[in-house]
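Since the structure comes first, as structure tokens, the remarks are kept for the end.
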Amino acid sequence: MTKKEIDVELLLELAYADNNEGLCMACGEIAECVEPDARKYECESCGERKVYGAQDALLMLSLIHISEPT
């Protein structure tokens with residue numbers, strides 16, 4: 001999953017819900033019991049260590065967006 005494929009709306013919903021859910025950046029699966037600042041947790045669906053807390057994922061995406069050349 002590339003950053004362009006990441007569903008920002010879904011991340012916003014997860015962050016606002018404040019239910020300790022995150023998103024796997026490899027397969028797009030929603031993960032439960034994930035702290036907002038979680039990084040590189042193992043995904044129960046695909047096994048990749050690419051699960052991030054929703055708030056942290058949004059922060060990372062915004063930093064990537066800011067640093068991209070225009």
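Assorted remarks:
- Selection count, region 46-58, where residues are over 16 Å from Glu5 (Cβ atoms) and surrounded by fewer than 16 Cβ atoms within 10 Å (Cβ to Cβ): 2
- Of residues in region 1-48 being part of a loop (DSSP other than H, G, I, E, B) and β-branched (Val, Ile, Thr), the one modelled with the highest pLDDT: Val34
- Across region 12-33, a minimum of one residue is classified as of a type outside the set (A, V, I, L, M, F, W, C) and open to solvent by less than 20 Å² (accessible area, probe 1.4 Å).
The values are calculated or read from the model by the stated rules, or taken from the named source; none is laboratory data. The model shown is predicted, which means the values in this text are computed figures rather than measured ones. No Cβ is skipped: glycine too gets one built from the backbone with ideal geometry, and neighbour counts run over all protein chains shown. In case anyone asks, the SASA skips ligands and DNA or RNA and just uses the protein heavy atoms, side chains included. Shrake-Rupley method; radii C 1.70, N 1.55, O 1.52, S 1.80 Å.
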